[in-house]
1. Which one of ALA71, HIS48, GLY125 is farthest out on the positive end of the charge dipole of the range 1-131, using unit charges on Cβ (Lys, Arg +1; Asp, Glu -1) and the Cα centre as origin?
2. What is the count of Lys pairs in the chain whose alpha carbons sit under 28 Å apart, if the two are 8 or more places apart or on different chains?
3. Where only protein heavy atoms count, and the probe is 1.4 Å, what is the accessible area per residue for the range 1-149 in Å²?
4. Can you give the Rg to Rh ratio of the range 1-85, both from alpha-carbon atoms, with Rh computed by the Kirkwood formula?
5. Working from the pairwise distances between different alpha carbons, so that the mean of 1/r is found and then inverted, what is the chain's Kirkwood radius in Å?
6. Scan around ILE97 for amide H atoms under 5 Å from its own, H built in the peptide plane at 1.01 Å from N, and keep only partners 5 or more places away or cross-chain.
7. Tell me the carbon and sulfur percent of the accessible area for the chain, rounded to whole percent, probe radius 1.4 Å.
8. Could you run the Karplus curve 6.51 cos²θ - 1.76 cosθ + 1.60 with θ = phi - 60° over the range 140-153 and give me ³J(HN,Hα) per residue in whole Hz, x for Gly and Pro?
Amino acid sequence: MTNTSLSPQDQKVTGQALQSALTGLINLGLQAKQAHWNLTGPNFRPVHLHLDEVVETVREHADTVAERAVAIGVPADGRPKTVAKEGGAEQFGAQPIPDREVVAGMTQLLGVVIGKLRDGIKETGDADPVSQDLLIQAAGDLEKHRWMFAAQQ
Ligand SMILES: [Fe+2]
(Lines give C-alpha, C1' and ligand atoms only; values in the text may rest on other atoms or scores of the structure.)
Protein backbone atom coordinates (compact mmCIF):
# COMPACT_ATOMS: atom_id res chain seq x y z
CA MET A 1 0.00 0.00 0.00
CA THR A 2 1.25 3.42 -0.92
CA ASN A 3 1.77 5.88 1.87
CA THR A 4 0.13 9.18 1.15
CA SER A 5 -0.44 12.17 3.34
CA LEU A 6 -3.54 13.11 1.34
CA SER A 7 -7.08 12.62 2.55
CA PRO A 8 -9.21 10.29 0.38
CA GLN A 9 -11.03 13.30 -1.09
CA ASP A 10 -7.81 15.20 -1.89
CA GLN A 11 -6.34 12.02 -3.35
CA LYS A 12 -9.38 11.62 -5.61
CA VAL A 13 -9.36 15.22 -6.85
CA THR A 14 -5.60 15.18 -7.42
CA GLY A 15 -5.65 11.76 -9.09
CA GLN A 16 -8.27 12.97 -11.56
CA ALA A 17 -6.30 16.12 -12.36
CA LEU A 18 -3.10 14.12 -12.93
CA GLN A 19 -4.92 11.53 -15.03
CA SER A 20 -6.48 14.23 -17.20
CA ALA A 21 -3.06 15.81 -17.69
CA LEU A 22 -1.53 12.42 -18.51
CA THR A 23 -3.94 11.51 -21.32
CA GLY A 24 -3.75 15.04 -22.75
CA LEU A 25 0.05 14.97 -22.76
CA ILE A 26 0.26 11.50 -24.32
CA ASN A 27 -2.22 12.50 -27.02
CA LEU A 28 -0.27 15.68 -27.70
CA GLY A 29 3.02 13.77 -28.00
CA LEU A 30 1.53 11.24 -30.43
CA GLN A 31 -0.02 13.94 -32.56
CA ALA A 32 3.16 15.99 -32.61
CA LYS A 33 4.96 12.92 -33.98
CA GLN A 34 2.21 12.42 -36.58
CA ALA A 35 2.79 16.01 -37.72
CA HIS A 36 6.60 15.63 -37.49
CA TRP A 37 6.46 12.78 -40.02
CA ASN A 38 3.81 14.04 -42.45
CA LEU A 39 4.75 17.71 -42.52
CA THR A 40 5.34 19.37 -45.92
CA GLY A 41 6.12 22.90 -47.08
CA PRO A 42 8.73 25.64 -47.12
CA ASN A 43 9.09 25.71 -43.33
CA PHE A 44 9.59 21.97 -43.10
CA ARG A 45 12.93 22.03 -41.34
CA PRO A 46 12.24 24.39 -38.38
CA VAL A 47 8.74 23.01 -37.79
CA HIS A 48 9.96 19.40 -38.06
CA LEU A 49 12.60 20.08 -35.42
CA HIS A 50 10.29 22.09 -33.18
CA LEU A 51 7.76 19.24 -33.16
CA ASP A 52 10.37 16.90 -31.72
CA GLU A 53 11.12 19.44 -29.00
CA VAL A 54 7.43 19.37 -28.12
CA VAL A 55 7.52 15.56 -28.04
CA GLU A 56 10.49 15.62 -25.69
CA THR A 57 8.77 18.15 -23.40
CA VAL A 58 5.47 16.28 -23.22
CA ARG A 59 7.04 12.85 -22.70
CA GLU A 60 9.01 14.20 -19.77
CA HIS A 61 5.96 15.81 -18.17
CA ALA A 62 3.76 12.76 -18.90
CA ASP A 63 6.26 10.61 -17.02
CA THR A 64 6.35 13.06 -14.13
CA VAL A 65 2.57 13.32 -13.72
CA ALA A 66 2.09 9.54 -14.11
CA GLU A 67 4.67 8.83 -11.43
CA ARG A 68 3.17 11.47 -9.15
CA ALA A 69 -0.24 9.80 -9.47
CA VAL A 70 1.20 6.46 -8.42
CA ALA A 71 3.16 8.14 -5.63
CA ILE A 72 -0.12 9.38 -4.11
CA GLY A 73 -1.71 5.94 -4.49
CA VAL A 74 -3.61 6.42 -7.77
CA PRO A 75 -2.74 4.04 -10.63
CA ALA A 76 -1.67 5.82 -13.83
CA ASP A 77 -3.68 4.92 -16.93
CA GLY A 78 -1.79 5.66 -20.14
CA ARG A 79 -3.33 2.83 -22.17
CA PRO A 80 -4.02 3.60 -25.85
CA LYS A 81 -7.77 3.05 -25.41
CA THR A 82 -7.86 5.44 -22.45
CA VAL A 83 -5.89 8.08 -24.34
CA ALA A 84 -8.20 7.67 -27.36
CA LYS A 85 -11.24 8.17 -25.11
CA GLU A 86 -10.01 10.92 -22.79
CA GLY A 87 -6.93 12.49 -24.36
CA GLY A 88 -8.62 14.93 -26.73
CA ALA A 89 -9.63 15.14 -30.37
CA GLU A 90 -7.48 14.01 -33.29
CA GLN A 91 -5.83 16.95 -34.99
CA PHE A 92 -3.77 15.44 -37.80
CA GLY A 93 -4.68 12.74 -40.30
CA ALA A 94 -2.47 10.25 -42.10
CA GLN A 95 -1.64 12.29 -45.18
CA PRO A 96 0.81 15.06 -46.12
CA ILE A 97 0.08 18.10 -43.92
CA PRO A 98 1.13 21.60 -45.06
CA ASP A 99 3.33 23.46 -42.58
CA ARG A 100 0.77 26.25 -42.00
CA GLU A 101 -1.84 23.63 -41.03
CA VAL A 102 0.61 21.99 -38.66
CA VAL A 103 1.41 25.33 -37.03
CA ALA A 104 -2.30 26.18 -36.64
CA GLY A 105 -3.12 22.65 -35.49
CA MET A 106 -0.35 22.59 -32.91
CA THR A 107 -1.40 26.00 -31.55
CA GLN A 108 -4.93 24.63 -31.14
CA LEU A 109 -3.85 21.31 -29.67
CA LEU A 110 -1.46 22.91 -27.20
CA GLY A 111 -4.30 25.21 -26.12
CA VAL A 112 -6.51 22.22 -25.33
CA VAL A 113 -3.89 20.54 -23.16
CA ILE A 114 -2.98 23.82 -21.47
CA GLY A 115 -6.69 24.18 -20.63
CA LYS A 116 -6.68 20.72 -19.02
CA LEU A 117 -3.55 21.60 -17.06
CA ARG A 118 -4.96 24.92 -15.90
CA ASP A 119 -8.17 23.23 -14.74
CA GLY A 120 -5.99 20.80 -12.81
CA ILE A 121 -3.96 23.65 -11.34
CA LYS A 122 -7.16 25.22 -9.95
CA GLU A 123 -8.44 21.92 -8.57
CA THR A 124 -5.22 20.87 -6.85
CA GLY A 125 -4.34 24.17 -5.15
CA ASP A 126 -5.84 23.06 -1.86
CA ALA A 127 -5.88 19.30 -2.44
CA ASP A 128 -2.18 18.83 -3.18
CA PRO A 129 0.18 21.75 -3.87
CA VAL A 130 3.00 19.32 -4.70
CA SER A 131 1.04 17.90 -7.63
CA GLN A 132 -0.13 21.39 -8.51
CA ASP A 133 3.50 22.44 -8.86
CA LEU A 134 4.11 19.68 -11.43
CA LEU A 135 1.07 20.80 -13.43
CA ILE A 136 2.27 24.41 -13.29
CA GLN A 137 5.67 23.41 -14.66
CA ALA A 138 4.04 21.46 -17.49
CA ALA A 139 1.71 24.36 -18.32
CA GLY A 140 4.64 26.80 -18.37
CA ASP A 141 6.60 24.66 -20.83
CA LEU A 142 3.59 24.07 -23.09
CA GLU A 143 2.65 27.75 -23.08
CA LYS A 144 6.14 28.55 -24.32
CA HIS A 145 5.68 26.10 -27.21
CA ARG A 146 2.22 27.48 -27.96
CA TRP A 147 3.65 31.00 -28.13
CA MET A 148 6.30 29.86 -30.62
CA PHE A 149 3.71 28.20 -32.89
CA ALA A 150 1.24 31.07 -32.58
CA ALA A 151 3.95 33.60 -33.49
CA GLN A 152 4.39 31.88 -36.89
CA GLN A 153 0.78 32.49 -37.96
FE1 LIG B 1 12.29 12.34 -36.44
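The values are calculated or read from the model by the stated rules, or taken from the named source; none is laboratory data. Only a predicted model underlies this, so the values are computations on that prediction, with no experimental measurement involved. Here the Cβ is made from the backbone with ideal geometry for all residues, glycine too, and neighbour counts use every protein chain on show. These accessible areas exclude ligands, DNA and RNA; they are computed on the full protein's heavy atoms, side chains included. Shrake-Rupley method; radii C 1.70, N 1.55, O 1.52, S 1.80 Å.
1. HIS48
2. Summing the qualifying lysine pairs gives 15.
3. 52 Å²
4. 1.13
5. In the chain this quantity evaluates to 15.7 Å.
6. The answer is LEU39, THR40.
7. Accessible surface attributable to carbon and sulfur in the chain totals 53 percent.
8. x, 5, 5, 5, 5, 5, 4, 4, 5, 6, 4, 5, 8, 8
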